[in-house]
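Colleague: Right, I'll just put the structure down here and ask away after.
The values are calculated or read from the model by the stated rules, or taken from the named source; none is laboratory data. The structure presented is a predicted model; accordingly, all values stated were derived computationally and were not measured. With ideal geometry, Cβ positions are generated from the backbone for all residues, glycine too; neighbour counts draw on all protein chains shown. What goes into the accessible areas is simple: the full protein's heavy atoms, side chains included, and nothing from ligands, DNA or RNA. Shrake-Rupley method; radii C 1.70, N 1.55, O 1.52, S 1.80 Å.
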Amino acid sequence: MNVLMICTEKLPVPNIRGGAIQTYICGVAPMIGRRHRLTILGRTDPDLPDVETVDGVHYVRVRSDDSFEQYMQNVFDYLRGTQEKYDVIHIFNRPKLVAAVRQAAPEARLFLSMHNDMFKPEKITIGEGGEVIGQTEKIVTISNYIGHSICGYYPEAAPKVRTIYSGVDLSRFTPWLMSDETRQARESLREQHGLSGKKVILFVGRLTRNKGPHVLIKALEQVGHSDAVLVIVGGTWYHNETAFSDYVSYMRALAARSKLPVLLTGYVPAHEVHRWFYAGDVFVCTSIWEEPLARVHFEAMAAGLPFLTTARGGNPEVIHGGNGILIQDPNDPLEYASHLNALLSDIDGARQMGMRGRQLVERHFTWDRVAREIMDVWEAV
């Protein structure tokens, strides 16, 4: 089949600026490109050509300037102007694109992948959402939580919704216990940042209040391990920036008063983030909001890290067979501290928990599995 995948307007593909959706598309593209003729349509970037073909996958990039309306118009213009006749058009996380794509490509079969709750009434009207449901053959979601949310607004969507969990690059996120190369990378990074001999509590993600890292800093007050250090990796958005938000300033003030060291790395380029997973001992996801299902869970598990995550949104769906611990109240520093103290007091047990996570991703969360399930959706309808 001739397949077009349409990314969002925010970040480019390949995922040179990061982004969960962009990483997802990059993960599945090689396998899909071997079975089908694949084009990926996304936004322009100064470091990428507007048109190129890499490893058999064709890329077309149109301007967005972070404006959905401009991007939608340029996607429409591309589809009206191209000589390509796509059998399948798979749109990522932008249900409002469906009407424009349907108008520009009336013969194509339309599919939608949802990574966030974009069907809630403040995002799309009931009338628009109903039209989207009617025009798409299947709606793929990254968690049961997102699927249930869509069906709550639109019960008629239920037969079309299918959960396909995300994946992870097992070769990049490798436990340091399993590889001399990652062990050396771990030791080098820890030495570079004064972390040698420390028990590293790791947070990776955007620095916004709904992600909750400030609660983790507060939890350090009750962590009874003087050799523990908290490392917070990330910035307020997926690119380098010189200005800090008010929230980051607040976090820095909390960190300055913390009884245990806190290292805020700032923005780390997407191609380097995995190295911080090598350096960690325990991973923590502190989401306060109803997280669709953060992909950092899969990365932490692939890296062999035990993890804490919150009972919010789709996050609990990654807890299986003792690979992690669920935090019931993400606003309670004492709950985090209690579990961190237990894990840091039993490092061998914590590592066994982490390796259970690694085994889980090897069985269930590879990119080949994700690509296979997406193609099954196209081919089964």
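Colleague: Given Met251, Val215, Ser64, which one lies farthest toward the positive end of the charge dipole of the chain, if we put +1 on the Cβ of every Lys and Arg and -1 on the Cβ of every Asp and Glu?
Modeller: It is Val215, whose Cα lies furthest towards the positive end.
Colleague: Using only Cα atoms and rounding to the nearest 10 degrees, what angle (0 to 90) does helix 144-153 make with the longest principal axis of the chain?
Modeller: 50 degrees
Colleague: What is the calculated FRET efficiency for Gln184 to Ser345, with r their C-beta to C-beta distance and R₀ = 35 Å, to the nearest 0.05? Present the calculation step by step, with values, prior to reporting the outcome.
Modeller: Numbers: r = 28 Å, r/R0 = 0.79.
Working from the Cβ atoms, E equals 0.80.
Colleague: Let me ask something else about it. What lysines could a cross-link reach from Lys259, if we take a straight Cα to Cα line under 18 Å and drop same-chain neighbours fewer than 8 places away?
Modeller: Straight-line reach from Lys259, under 18 Å: Lys198, Lys199, Lys218.
Colleague: So, with +1 on the Cβ of K and R and -1 on the Cβ of D and E, and no other charges, what is the size of the charge dipole of the stretch 176-364 about its Cα centre, to the nearest 20 debye? Don't skip to the answer; put the middle values down first.
Modeller: Values: 19 positive and 20 negative charges, 33 e Å.
Its charge dipole is roughly 160 debye.
Colleague: Could you please report the charge total around Leu344, scoring K, R as +1 and D, E as -1 over all other residues with beta-carbon less than 11 angstrom from its beta-carbon? Walk me through the intermediate numbers first.
Modeller: Numbers: positive: Lys198, Lys199; negative: Asp227, Asp281, Asp346.
Every neighbour counted, the sum reads -1.
Colleague: Rounded to the nearest percent, how much of the accessible area of the stretch 176-364 (1.4 Å probe, protein heavy atoms only) is carbon and sulfur?
Modeller: On the way: 3730 of 7750 Å².
The value for the stretch 176-364 is 48 percent carbon and sulfur by accessible area.
Colleague: Moving on to the next point. From the phi of every residue in the stretch 261-276, what ³J(HN,Hα) in whole Hz does the Karplus formula 6.51 cos²θ - 1.76 cosθ + 1.60 yield, where θ is phi - 60° and glycine or proline is x?
Modeller: Once θ is set to phi - 60°, the couplings for the stretch 261-276 become x, 10, 10, 9, 6, x, 4, 10, x, 4, 7, 10, 4, 4, 5, 5 Hz.
Colleague: Right, here's the next one. To the nearest 10 degrees, how steeply does helix 20-35 sit against the main Cα axis of the chain, on a 0 to 90 scale?
Modeller: Taking the Cα atoms of the chain, the angle to 20-35 is about 50 degrees.
Colleague: Mean separation of Cα pairs under 8 Å and 6+ residues apart, divided by the residue count of the chain: what relative contact order is that in percent? Mind dumping the intermediate values first?
Modeller: On the way: 742 pairs, mean separation 58.5, N = 381.
In percent, rounded to a whole number, it is 15.
Colleague: Related question: Suppose a student asked you for the relative contact order of the stretch 176-364, using Cα pairs under 8 Å spaced at least 6 residues apart; what percent would you report?
Modeller: Values: 347 pairs, mean separation 44.1, N = 189.
Computed value for the stretch 176-364: 23 percent relative contact order.
Colleague: Now, a different point. Quick check for you: with a 1.4 Å probe and neighbouring chains kept, what is the accessible area per residue of the stretch 176-364, in Å²? Before the final figure, lay out the partial values.
Modeller: On the way: 7750 Å² over 189 residues.
Normalised by residue count, the accessible surface of the stretch 176-364 is 41 Å².
Colleague: Could you tally the net charge around Pro14, taking each other residue with its Cβ under 13 Å from the Cβ of Pro14, Lys/Arg +1 and Asp/Glu -1? Don't jump to the answer; show the numbers that get you there.
Modeller: Values: positive: Arg17, Arg43, Arg61; negative: Asp45, Asp47, Glu52, Asp55, Asp169.
Local net charge: -2.
Colleague: Classify the stretch 176-364 from the C-alpha gyration tensor, please: rounded if a/c falls under 1.5, else prolate or oblate depending on whether a/b exceeds b/c. Mind showing how you got there, number by number?
Modeller: Working: a/c = 1.25, a/b = 1.14, b/c = 1.10.
Judged from the Cα gyration tensor, the stretch 176-364 comes out rounded (a/c under 1.5).
Colleague: Right, another one. Toward the positive end of the charge dipole of the chain, about the Cα centre and with charges on Cβ (Lys, Arg +1; Asp, Glu -1), which of Asn341, Gly33, Ala104 goes farthest?
Modeller: The Cα lying farthest towards the positive end belongs to Asn341.
Colleague: Mind checking the angle between helix 347-364 and the chain's longest principal axis? C-alpha axes, 0 to 90 degrees, to the nearest 10.
Modeller: Taking Cα atoms only, the helix is inclined about 10 degrees.
Colleague: Please give every one of the lysines within straight-line cross-link reach of Lys10, meaning a C-alpha to C-alpha distance under 16 Å, and leave out same-chain neighbours fewer than 8 residues apart.
Modeller: By straight Cα distance, Lys10 reaches Lys96.
Colleague: Could you list, bin by bin from short to long, the percent of Cα-Cα pairs of the stretch 8-70 in 5 Å steps?
Modeller: Histogram of Cα-Cα distances, whole percents per bin: 4, 19, 29, 27, 15, 5, 1.
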